[in-house]
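For reference, the structure discussed in these notes is given below.
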Amino acid sequence: MRKQIVAGNWKMNNDLAQTESLLTALKAQTKTSNAEVMVAPTYTNLFQAYQALKESDVEVIAQNMHFAENGAYTGEISASMLKSVGVKTVILGHSERREYFGETDAILAKKVDAALANDLRTIFCFGEVLADRKSGNHEAVVESQIKNALFHLEASPFKNIVLAYEPVWAIGTGETASPEQAQDMHAFIRKTLNDKYGADVANSVSILYGGSVKPNNAQEIFGKPDVDGGLIGGAALNADDFFAIVNAF
């Protein structure tokens, strides 16, 4: 059975005091769903967050990592460094990393390999921009991103991979993605996995939706058969909103 997952990506938000305040608010919340709950603070606050939440139901995860184990990569963080502060899951390939920092499919394939080699569960992100959606090229773009970064793997590593579809065209553009559009793409993603690895892998991999999930639309989105949860941005910075989404299952 696929896992239901709600992961909050805090992005470049919250200094130490703000992080501690949000962690306190998160610990005060009650989870009524079976969903796995994750939050991704900034690097500087990862250990603080891990210490604060290690006795809770909320897992602390990382927003990114480098593919190298160590070396002359100023400002970067390795998989083993993440593990040393209690992190067991990392987000890779987020649309902002692709757009602002030039992360290519080839770079992401190396990052995925490094994460898996270090037994880190990987939340792998991908998605199309507005021009791709309007041109009808969205499925081809998503398929290419998945194949280029992941399809060099054997089937077994997919037990440690979660997929996260981000309709970049529907985030901050004024355009809106419907729950039906989310389901259509998630079904296509699952078919792409099935064509390569078969039904066992396709039906076991959780696929999260990363397109502006909020308390008022989470239940409808999560009710779609191929949507297994959400990668949450802005709403994850408010504990009440975040847990309303968690409990939408």
For G8, residues with placed amide H under 5 Å, excluding near neighbours: M38, V39, A40, I232
Charge-dipole axis of the chain as Lys and Arg at +1 and Asp and Glu at -1 on Cβ define it, positive-most pick from V142, Q18, N34: N34
Semi-axis lengths, Å, segment 110-150, gyration tensor of Cα atoms, sqrt of 5 times eigenvalues: 27, 9, 6
Highest to lowest packing among 11-18, 195-202, scored as the average C-beta count within 10 Å: 195-202, 11-18
For segment 82-125, size of Cβ-based charge dipole, Lys and Arg +1, Asp and Glu -1, in debye: 180
Per residue convex hull volume, Cα atoms of the chain, in Å³: 120
Rule-of-thumb Rg ratio for segment 93-214 [Cα; 2.2 N^0.38 Å; N residues]: 1.02
Estimated 222 nm signal from helices in the chain, with DSSP H stretches of n ≥ 4 weighted -39500 (n - 2.57), rounded to 500: -11500 deg cm²/dmol
Calculated diffusion of segment 1-126, Stokes-Einstein form, Kirkwood radius summed over Cα pairs, 10 °C and 1.306 mPa s, µm²/s: 105
Placed amide H near G229: partners under 5 Å, 5+ positions off or other chain: I5, Y209
Rel. contact order, % - alpha carbon contacts under 8 angstrom, at least six apart, segment 109-248: 22
Charge dipole magnitude, Cβ of K and R +1, D and E -1 - the chain, Cα centre, debye nearest 20: 320
Using θ = phi - 60° and Karplus 6.51 cos²θ - 1.76 cosθ + 1.60, couplings along segment 8-18 (whole Hz; Gly, Pro as x): x, 9, 6, 6, 8, 9, 6, 6, 4, 5, 5
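Bear in mind these aren't lab numbers, they're just calculated from the coordinates by the rules spelled out. Everything numeric here is computed off the predicted structure, so don't read it as measured data. Don't worry about glycine lacking a Cβ; one is built from the backbone with ideal geometry, like all the others, and counts go over all protein chains shown.
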